[in-house]
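> Here it is, the structure in full.
The values are calculated or read from the model by the stated rules, or taken from the named source; none is laboratory data. This is a predicted model, so every value here is computed, not measured. Because the Cβ atoms are built from the backbone with ideal geometry, glycine has one as well, and the counts that use them run over all protein chains shown.
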Amino acid sequence: MLWKKQIPLAITFIMGLILGIQYFVPSSTSDWVFDEYRTWGIIIGLFGSVLAYISFYRAHGMRIKKKAPAWPFSVVAIAMSLAMAFVGFAFGREENTVFMNMYTYILVPIEGTMFSLLAFYISSAAYRAFRARSAQATALLVAAVIVMLGRVPLGEQISFWHKLWPALPTFTDIANWILNVPNMAAKRGMGLGIGLGIMMLSLKIVLGIERSYMGSGE
Amino acid sequence: MAEDARKKTFWERLIQIDRRVIYLIIALAMILPFFFQMGLPIPVTKEVKDIYDHIEALTPNDVVILSADFDPSVSPELLPMFDALFRHCLKKDVKTIAMSLYIQGPGLIAPIIQEAAKDYQKVNGVDYVFMPWIYGYTLVVMDMMEDLKATFPTDYYGTRIEDIPIVKKIENYEDYDLIVCFTGSSSYAWWLLYAHEPYGVPMATGVTAVSAADIYPYIQSGQYIGMLGGLKGAAEYETLINEKRMATMGMEAQNWAHIVIILFIIIGNIGYMAIARKK
């Protein structure tokens, strides 16, 4: 209990206090503390990476052992991580090596493809979800359409009224206004709320009130 | 099942288009523009123009840091931004430090850097420097602000930092004249918190289109001098530096994808309203 609870809580409290003082009290000692923190941060982080690898192999190893649903993907995950590490150590990581070719011609297209699938899902979801069911939904719908038109060159071209009366805004101008005024007002409010939330959570962690990061579920 | 299909009215069919049909039309809308280009002019927004103007005003003694803090998933949007800004910096002869806080970043930007350097006949270590990935994320930002040479003992190609001519006069934050962070995550906030706020280094950012809405409050507060939002931001920058490259070509596809999505939204709403009126 002492190792799992009291000591981690004490380390968190002491380090939180030291770094808080370091930030608000500028002095040569503060500078020294900050330098040491940066050095130790990198060392601790690197050891954390080792733990991440252990956790990765253990989690996927358990899935294979238990024949969990889609367990063959765990075999692929482990095999590919070992293969990348092997070719990296054995043949180097410079240009035109096996490692860089695997990265450029396997990993990059796979990740790019995964993200680009969003365009298809968004199209289908927009078609089904963007319905003018109420005044609020209609406002959202109109704003979305204007921003989508304002974010492509065609939006500027089809703003025919701007050619007749240059004082009138184009789709691009209206989209910029939506992003710079109503969007920003909402984002600023959310930002303030999130900032206050982060402050509160940080304080709770330092004081030992919030303990879920220790994995105890408390 | 077949009986159910026969019972469906025209309006019901209009709001129940099979998703595979939508996927096919979207795929065609994105592929065909690569073969049939419209070449529409790309209007430049203030957020992009401000970054361009800032770099235009720099002199060959000034230092720009371009940090490609992203992985391959968002590279179709962010690589063209990095490419356009890196080319602009080379064209202006400013000292450019290319780097990444993400482990997958250097592998992505290496070919872009080499191609641009070849086009402008610039040399690594003399006209620009390409730094390797160092573990630490925010800690790397903090270290760089205090001491660049201590943070990066070598460049990406393994040359010792003491042997690189361009960094000889670059020490710390006092020497940096602009930092541009390209990201698909929240790493723009790391640079803001640990580089701009404590040290006052001017900052700009390039983000994915979905993240662009988050950046506006920072631009209005003056913390960022500007922003490149999504592929359009990159295409705008290519227009400014007069080099039609990846982003300008991609905008053709984005143009039609947006139009098709809007048409589907309109079709869905016509069907929905017609059914609602009947009820």
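> Are any residues in the range B:89-101 of a type outside the set (D, E) and surrounded by fewer than 23 Cβ atoms within 10 Å (Cβ to Cβ), and if so, which ones?
B:L90, B:K91, B:K92, B:V94 - these are the residues of the range B:89-101 that are of a type outside the set (D, E) and surrounded by fewer than 23 Cβ atoms within 10 Å (Cβ to Cβ).
> Which ones in the range B:42-67 are among the acidic types (D, E) and either closer than 15 Å to B:I97 by Cα or touching a Pro at 6+ places or on another chain (Cβ under 9 Å) (or both)?
Matches in the range B:42-67: B:D62 only.
> Related question: Answer yes or no as to whether A:I44 is modelled with pLDDT under 95 and among the β-branched types (V, I, T).
For A:I44, the condition - modelled with pLDDT under 95 and among the β-branched types (V, I, T) - is met.
> While we're looking at this one, here's another question. From A:S81, A:S74, A:S116, grab the single residue that is in a helix (DSSP H, G or I), surrounded by 15 or more Cβ atoms within 10 Å (Cβ to Cβ) and among the small types (G, A, S).
Matching residue, one of A:S81, A:S74, A:S116: A:S74.
> A follow-up question, please. Testing B:Q254 on (1) modelled with pLDDT of 95 or more; (2) closer than 19 Å to A:I178 by Cβ, one condition comes back false. Which one is that?
(1)
> Answer yes or no: is there a residue in the range B:3-13 that is within 10 Å of chain A (Cβ to nearest Cβ), touching a helix residue (DSSP H, G or I) at 6+ places or on another chain (Cβ under 9 Å) and free of Cβ contacts under 8 Å to residues at least 40 places away in the same chain.
Within the range B:3-13, not a single residue is within 10 Å of chain A (Cβ to nearest Cβ), touching a helix residue (DSSP H, G or I) at 6+ places or on another chain (Cβ under 9 Å) and free of Cβ contacts under 8 Å to residues at least 40 places away in the same chain.
> Collect the residues in the range A:124-177 that are within 10 Å of chain B (Cβ to nearest Cβ), surrounded by fewer than 17 Cβ atoms within 10 Å (Cβ to Cβ) and in a loop (DSSP other than H, G, I, E, B), keeping them in residue-number order.
Correct list: A:R133, A:I158.
> Moving on to the next point. Counting only residues that are under 27 Å from A:G92 (Cβ atoms) and of a type in the set (D, E, K, R), which one in the range B:89-142 is nearest to the chain's Cα centre (by Cα)?
For the range B:89-142, the residue satisfying everything is B:E115.
> Quick one: in the range B:65-78, of everything that is modelled with pLDDT under 95 and in a helix (DSSP H, G or I), which residue is farthest from the other protein chains (Cβ to nearest Cβ)?
Here the answer is B:E77.
> Which condition breaks for A:A68 when tested against (1) small (G, A, S); (2) assigned to a helix (DSSP H, G or I); (3) out of contact with any His (no Cβ under 9 Å at 6 or more places or on another chain)?
Looking at each condition in turn, A:A68 falls short on (2).
> Then there's this: May I ask you to list the residues in the range A:23-38 that are in a helix (DSSP H, G or I), within 11 Å of chain B (Cβ to nearest Cβ) and within 16 Å of B:P198 (Cα to Cα)? So that I can check it myself, show each step before the final result.
As a first pass, look at the range A:23-38 and keep what is in a helix (DSSP H, G or I): A:23-24, A:28-38.
Filter once more, so that each one left must be within 11 Å of chain B (Cβ to nearest Cβ): A:23, A:31, A:34-35, A:37-38.
Result: A:Y23, A:D31, A:F34, A:D35, A:R38.
> Also: Any residue at all in the range B:129-142 that's assigned to a helix (DSSP H, G or I), in contact with a helix residue (DSSP H, G or I) (Cβ under 9 Å, 6 or more places away or on another chain) and farther than 20 Å from B:S187 by Cα? Explain how you work it out, then say what you get.
Applying the first criterion (assigned to a helix (DSSP H, G or I)) to the range B:129-142 yields B:138-142.
Imposing the further condition that a residue be in contact with a helix residue (DSSP H, G or I) (Cβ under 9 Å, 6 or more places away or on another chain) reduces the set to B:138-142.
Among the residues that remain, those that are also farther than 20 Å from B:S187 by Cα are: none.
So far as the range B:129-142 goes, no, none of its residues is assigned to a helix (DSSP H, G or I), in contact with a helix residue (DSSP H, G or I) (Cβ under 9 Å, 6 or more places away or on another chain) and farther than 20 Å from B:S187 by Cα.
> Which residues, taken from the range B:5-24, are among the aliphatic types (A, V, I, L, M) and crowded, with 16+ Cβ neighbours inside 10 Å? Show your work before the answer.
Here is the first cut: in the range B:5-24, the residues among the aliphatic types (A, V, I, L, M) are B:5, B:14-15, B:17, B:21-22, B:24.
Listed by number, the residues that qualify are B:L14, B:I15, B:I17, B:I22.
> Continuing with this model, one more query. Filtering the range B:80-116 down to residues that are small (G, A, S) and more than 14 Å from chain A (Cβ to nearest Cβ), which residue is nearest to B:W191 (Cα to Cα)?
B:A98
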